[in-house]
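A short worksheet on the structure shown next.
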Amino acid sequence: MAVRDLFITRNIDELVEETGGEGERLKKTMGPFTLTALGVGAIIGTGIFVVIGQGAELAGPGVILSFVLAAITCAFSALSYAELASAVPVSGSAYTFSYATLGEIVAFIIGWDLILEYGVSVGAVAVGWGGNVNEFLKATFDVELPKAITAGPFEGGVVNLTAAVIVLAVMALLANGTRESVRANFVMVVIKIAILLFFIVVALVNFASGNLTPFLPEGVAGVTSAASIIFFAYIGFDAVSTASEETKNPGRDLPIAIIGSLVISTVLYVLVAFAAFGVAPTKQLSGSDAPLATALREGAGIPWAGAVLSLGALIAITSVVLVIMYGQVRIFFAMCRDGLLPRRFAKVSPRTGTPFDLTIVFGVLIAILAALIPLGVIVEMANIGTLFAFVLVNLGVIVLRRTRPDMKRPFRVPGAPVLPIIGVLFCLLLLAALPWETWVRFVVWLAIGLVIYFTYSRKHSRARTGERTELPAAEQV
């Protein structure tokens with residue numbers, strides 16, 4: 001086996017034209033507003049409502065700068081995602097982009113990585129949802145669910161039933177249809193933005209500048225370490241690209257949604273972080289499962305406002321679970337359709353227009369993960385998977401500019417290859433700040449994937465067998 005054989009690529013024109021045979025075609029239902037809402041729905045959730053408490057432990061008020069650093073890291077990658085998504089509007093996100101530019105072995109690795117990233121991301125936000133259920137119940141009804149059903153066995157509980165329940169509920173919604181799911185997500189996005197604006201106003205009214213000192217208790221190193229965790233707050237804009245095949249005008253709408261959702265979320269994050277540290281000292285925010293609700297309840301002394309924030313967190317986190325699970329299923333769907341994983345899973349329900357069976361399988365598996373694994377471990381695994389994907393997407397832009405310079409690109413990264421290279425360097429900076437245990441888990445996961453690739457995927461890959469499915473008639477939208 002020649003090494004060169006591992007880097008076989010899929011023809012981009014064929015990928016764009018060929019969207020699967022009968023039973024493997026996704027419905028085109030999304031426009032720019034629903035796509036942008038999809039991105040905001042995926043981004044704003046556990047990161048700002050939960051992970052800000054972990055960041056406060058590492059950097060104090062300097063976590064505000066951590067949000068900025070993480071946003072800058074994402075900005076370069078967002079531009080690269082926008083170019084590739086508009087040029088290769090096929091379900092699968094970074095997996096499909098890599099297949100078209102860097103080769104099959106790289107595509108499989110990144111697809112396998114994305115399955116991990118999205119799966120553990122859903123698990124993490126579901127665990128955060130469970131924590132906010134108790135915050136809401138305490139603030140509103142002065143009751144609390146027992147730890148046995150709100151924490152996993154590694155955190156002093158038995159099973160995190162609340163986390164499992166929200167995953168299974170979202171699974172049912174996604175399996176029922178994409179149109180219904182994006183409508184529900186749009187409503188939730190509007191509500192959670194309104195609640196975050198409410199928090200900013202209330203916190204600024206009760207602002208105490210003394211809470212911001214010392215601003216950098218752990219120095220620049222603390223800001224960087226916190227950014228490697230806070231980065232989790234930005235995971236999600238890449239989920240927009242998984243909807244490429246279900247977008248009515250991908251060349252125009254995908255770049256708008258990817259970049260727009262990141263900008264909207266960044267502005268809100270920085271304002272919320274500034275307001276949070278202005279209303280409550282670091283010691284009250286550090287380690288809290290619901291830091292924003294804590295800030296208003298203990299910092300500002302407004303219990304009812306804390307209840308509103310807890311409700312907002314529940315809504316926000318629900319939309320994140322919805323969008324990220326949606327993205328994971330589409331990536332696995334694309335890999336199955338390409339033959340790298342069993343083709344029998346690449347089936348679309350004629351009733352719902354969704355990969356129904358695949359959605360159920362992933363929903364059950366993620367519910368088990370969320371019920372048993374601690375939040376901190378899940379967040380770190382999600383971050384390393386995402387940063388690795390971002391590195392390859394940036395490299396994909398550089399490679400495709402050299403190999404297909406005349407290819408139609410509705411959106412182009414300005415200043416390429418400089419900006420994609422900077423994007424790679426920022427990702428490497430945050431990767432270096434992650435704990436070594438996270439790297440070990442990641443390498444083990446990739447090793448399992450390589451075993452599957454060499455024993456199954458290479459033999460069944462459609463890029464090698466030359467199989468092309470019969471194209472169905474164009475679907476009316």
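Readers should treat all values here as calculations from the given coordinates under stated rules, not as data from a laboratory. Quick caveat: nothing in here was measured; it's all calculated off a predicted structure. Positions of Cβ are generated from backbone atoms using ideal geometry, with glycine treated the same way; all protein chains shown enter the neighbour counts.
As a proxy for reagent exposure, ranking Ile110, Ile421 by other Cβ atoms within 10 Å from fewest up yields Ile421, Ile110. My understanding is that a pair violates if its Cα-Cα distance is over 18 Å; which of Lys27/Lys347; Lys27/Lys459; Lys27/Lys192 do that in this structure? Listed pairs above 18 Å: Lys27/Lys459; Lys27/Lys192.
Between the entries (i) 0.94; (ii) 1.20; (iii) 2.15, the label attached to Cα Rg over 2.2 N^0.38 Å calculated for this structure is (i).
If R0 is taken as 22 Å, the Cβ-Cβ distance between Val205 and Phe141 corresponds to a FRET efficiency of 0.25.
Helix content alone sets the calculated 222 nm mean residue ellipticity of the chain: runs of n ≥ 4 DSSP H residues at -39500 (n - 2.57) each, divided across all residues, give -21500 deg cm²/dmol. Do you know the relative contact order of the chain, to the nearest whole percent, from alpha carbon pairs under 8 angstrom that are 6+ apart? Relative contact order here is 33 percent. When Cys427, Cys336 are sorted by how many other C-beta atoms sit within 10 angstrom of their C-beta, beginning with the fewest, the order is Cys336, Cys427. Loop-resident trypsin sites (Lys or Arg not before Pro) (DSSP state other than H, G, I, E or B) in the range 21-115 with no more than 11 further Cβ atoms inside 10 Å of their Cβ are absent.
If you line up the long axis of helix 418-432 against the longest principal axis of the chain, both from Cα atoms, how many degrees apart are they, to the nearest 10? Relative to the chain, helix 418-432 is tipped by roughly 60 degrees. Helix 375-403 and the long axis of the chain differ in direction by around 40°, with both axes built from C-alpha atoms.
As a calculated quantity, the FRET efficiency between Leu197 and His460 at R0 = 41 Å, using C-beta atoms, amounts to about 0.20. Relative to the longest principal axis of the Cα atoms of the chain, the long axis of helix 436-452 lies at roughly 20 degrees. Of the GluC sites (Glu not before Pro) found in the range 111-182, those that fall in a DSSP loop while having at most 12 other beta-carbon atoms within 10 Å are Glu144. Each label point was placed 7 Å from the Cα along the Cα-to-Cβ direction; for Leu446 and Phe154 their separation is 2.1 nm.
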